[in-house]
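Every read-out reported here was derived from the displayed coordinates using simple, explicitly stated rules and does not represent laboratory data. Worth saying up front: this structure is predicted, and the values here are computed from it rather than measured. When we count neighbours, we look across all protein chains shown, and the Cβ atoms used for this are built from the backbone with ideal geometry, even at glycine.
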Amino acid sequence: MSQVLSAQTRFSPRRSAFEIRMDILKVVAEGSVKPTHIMYRSNTSWIVLHKNLESLLASGFMQQSGECSRTEYGITETGKRVLHDYVDLVEKTSSLAEVLR
């Protein structure tokens, strides 16, 4: 029974703010651009989503286009690099954990 668990279920039942931001970046990188789609796919509440979107926009990891009800989000090159580094780190630590067992 080989089941791949996500980072949020492997180490603790709750995600850190950093993990939530990385999940949001991942969802946007996969093509979801509308806020409600991002909210559902990243498993966040509306308030948590907006708080983290503001942080990601301020950090330069995401960009916003459109107005009010037509707002869409995209990931920047900086955001792609950060997400790539995060995924790489998670993969390396997962394989290291397997070796240490």
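Note on E72 and R101: with the Förster distance fixed at 35 Å, the Cβ-Cβ geometry gives a FRET efficiency of about 0.20. The helix-based estimate of mean residue ellipticity at 222 nm for the chain, built from -39,500 (n - 2.57) per DSSP H run of four or more residues and divided by its residue count, is -19500 deg cm²/dmol to the nearest 500. Dipole check for the chain: with +1 at the C-beta of Lys and Arg, -1 at the C-beta of Asp and Glu, and the Cα centre as origin, the magnitude is about 260 Debye.
(i) 63, 27, 17; (ii) 41, 29, 22; (iii) 51, 25, 21: which one is Cα extents along the principal axes in Å as calculated from this entry? Label (iii) holds the value from this structure.
Length gained on full extension, E30 to E91: 20.1 nm, using 0.36 nm per residue less the C-alpha separation.
Sorting L56, L100 from the fewest to the most surrounding beta carbons within 10 angstrom yields L100, L56.
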